[in-house]
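We did not get these values from a lab; they are worked out from the coordinates using the rules stated. Being a predicted model, the structure only gives us computed values, none of them experimental. For neighbour counting, all protein chains shown are included, and Cβ atoms are generated from backbone atoms with ideal geometry for every residue, glycine included.
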Amino acid sequence: MDLKKGQDIIEGFDALLHATDPALAHVRVTSGAWTLTEIVGHLVDSAANNHQRFARLISGNLEQFPPYEAENFVMVQQYDGCDFAEMANFWRQYNWLLMHIMQIIPANALENIWQRPDGPKSLRTLIEGYFEHIQMHSDHYRERMQQIAEDRK
């Protein structure tokens, strides 16, 4: 588990957020495509869900945890109605907290297991997956910014 690499991923996405023109944050390129603000909202949901998973797994193994319904969460919480700068700041602060938690996890807790329907996952694996998820959506976000810019030409 490389927390430095994870921090770099978080800082890279944060730089994208800072570079975003707020006037473009609510542009929907096609029906059903997330706006930039909705992508950030989805990553806030991811942070919140993983916060709970991490905290519970630090204490021991986890047998059950509610499923994460990404599309539904974005829809029902109407993130596109939120102020982009506030959403970006909230994501930034939440990840600051998660990095703190990851840095203080006892080494033996990293092997605690969540029994998922698709097979067991260790806390270490979940943390690595969290960073991969941010990187995937960072790429998604960058592509969406390019789509918006091209559509505005």
- Query: Arranged by the count of other C-beta atoms within 10 angstrom, fewest first, what order do LYS4, LYS153, LYS121 take?
  - Reply: LYS153, LYS4, LYS121
- Message: Connecting C-alpha atoms closer than 10 Å in a GNM of the chain, tell me which of SER122, SER31, SER138 has the biggest fluctuation.
- Response: SER31
- Over all pairs of distinct alpha carbons, what does the Kirkwood formula give as the hydrodynamic radius of region 1-118, in Å? 15.8
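When the helix-only estimate is applied to the chain (DSSP H runs of n ≥ 4, each -39,500 (n - 2.57), divided by the residue count), what is the mean residue ellipticity at 222 nm, nearest 500 deg cm²/dmol? Can you show the working numbers first?
Working: 5 runs with 98 residues, N = 153.
Calculated at 222 nm, the ellipticity per residue is -22000 deg cm²/dmol.
Taking the Cβ of each residue in ILE9, ILE58 as the centre, tally the other Cβ atoms inside 10 Å and list the residues starting with the fewest. Display every interim value, and only then the final one.
Details: ILE9 20, ILE58 16.
The fewest-first ordering by Cβ neighbours comes to ILE58, ILE9.
For region 53-134, rounded, prolate or oblate, judged on the Cα gyration tensor with a ≥ b ≥ c (square roots of eigenvalues), a/c < 1.5 rounded, else prolate if a/b > b/c?
Values: a/c = 2.78, a/b = 1.50, b/c = 1.85.
Verdict is oblate for region 53-134.
Treating the beta-carbon of each Lys and Arg as +1 and of each Asp and Glu as -1, no other charges, what is the dipole magnitude of region 1-84 about its Cα centre, to the nearest 20 debye?
Details: 5 positive and 12 negative charges, 46 e Å.
The calculated dipole for region 1-84 is roughly 220 debye.
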- Residue (of PHE54, LEU16, SER31) at the positive-pole extreme of region 1-73, dipole from beta-carbon charges: PHE54
- By count of other Cβ within 10 Å, fewest leading, how are ILE105, ILE127 ordered? ILE105, ILE127
- Message: Using the Karplus curve 6.51 cos²θ - 1.76 cosθ + 1.60 with θ = phi - 60°, what ³J(HN,Hα) values do you get for each residue of region 8-22, in whole Hz, with x for Gly and Pro?
- Response: 4, 5, 4, 5, x, 5, 4, 4, 4, 4, 5, 7, 7, 6, x
- Which value in nm describes the separation of the simple spin-label points at GLU150 and LYS4, placed 7 Å from the Cα toward the beta carbon? 3.7
- Item | Whole-Hz couplings from phi, Karplus 6.51/-1.76/1.60, listed for region 102-119; x for Gly and Pro | 4, 6, 9, 5, x, 3, 5, 6, 4, 9, 4, 10, 9, 7, 8, x, 8, x
- Message: Can you give the FRET efficiency to the nearest 0.05 for GLU143 and LEU97, using r as the Cβ-Cβ distance and R₀ = 22 Å?
- Response: 0.20
